[in-house]
Amino acid sequence: TGSVRSHTNFNNKEHSGFYTKEDIKAIIRYAHSKYIRVIPEIDTPGHAVSMISAYPTLSCFDRDLPVATSWGVKHDVLCIGKESTFEFMFSVLDEIMEIFTDGIIHIGGDEVPTTRWKICPHCQKRIKDEGLKCTEDLHPYYLSRIAEYIEAKGSKVIMWNDTVRDYMAKGSIVRQLWDEEMSEKDVVGQINKGTEFIISFVNAYYLDLPYGRTSLEKCYNYNPCYKGISKEQESKLLGMEACL
């Protein structure tokens, strides 16, 4: 259900298709033969309309939604108030970690509007029961539980930098930097605490942006390293990821 879109904002053709477990395992075997690790990104609680389309009860109001036909931020996200949401995600992650054996899972976590949570009785009850301060606290609460579950299973977690909080999963989450909102001082401070980083600055490494904004020359000449950090600190910069 979630793999079929009636059309996209680029054309009016139906798009569909999915990988079976065996398909993915074959890809991973091939990658491993080339000494390449394979890291999945399972992005929730936002960017999850296709998931909600297949399982409406994952949303705050059990909405019967079609799979999204355009990219971008959507107001319908996973319901944080229902414990069944976590049970579902844990079962999904169990399957993911069974297939992807390299010990690293990216959980995304970005671009999550709180519009539905503010009027959802389940979410508002969760805020009260967990002693959270406001609706916005549901976002890190959810991601923290997901990260802790993955780490308890022995895998490392990657998250987009703007969604990480220092108290999550004992501070061991790898931060993926997509914009330069963190100052060099802040990055070095986090490195000294043991935090690892992946550099994916939007103005250099987002290959789906127009060439006029991110030219090959700009990408090639961009220096992702921070000045004044030691060789030991450099080891915490795991490398770059070009996003497409």
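All of the numbers you see were taken from the coordinates with simple rules; none came from a lab. Keep in mind that this is a model prediction, so the values were computed, not measured. As a convention, Cβ positions derive from the backbone with ideal geometry for all residues, glycine included, and neighbour counts pool all protein chains shown.
Volume of the convex hull of the range 67-206 (Cα atoms only), normalised per residue: 146 Å³.
The trypsin sites (Lys or Arg not before Pro) of the range 1-100 that DSSP puts in a loop, and whose beta carbon has at most 11 other beta carbons within 10 Å, are 13, 34. What the pair-distance distribution of the range 1-58 shows, using all Cα-Cα distances binned every 10 Å from zero, is 18, 34, 34, 13, 0 percent.
Just tell me the longest site-free run in the chain, where the sites are GluC sites (Glu not before Pro) in a DSSP loop having at most 11 other beta-carbon atoms within 10 Å. Each step should come with its number before you reach the end.
Working: sites that count: 14, 181.
Between exposed loop sites, the widest span is 15-180.
State which helices in the chain qualify, where a helix is a whole DSSP H run, it must extend 24 Å or more along its own axis by its Cα atoms, and its mean Kyte-Doolittle hydropathy must be at least 0.5. Intermediate values should be presented prior to the final figure.
On the way: long enough: 83-99 (25 Å, 0.55).
Helices meeting the criterion: 83-99.
Its Cα gyration tensor gives the chain an equivalent ellipsoid; the semi-axes, largest first and in whole Å, are 29, 24, 20. Here the chain is assigned +1 on the Cβ of each Lys and Arg and -1 on the Cβ of each Asp and Glu. Its dipole about the Cα centre then comes out at about 60 debye.
Antiparallel beta bridges, as assigned by DSSP with both residues in the chain, represent about 10 percent of the total such bridges.
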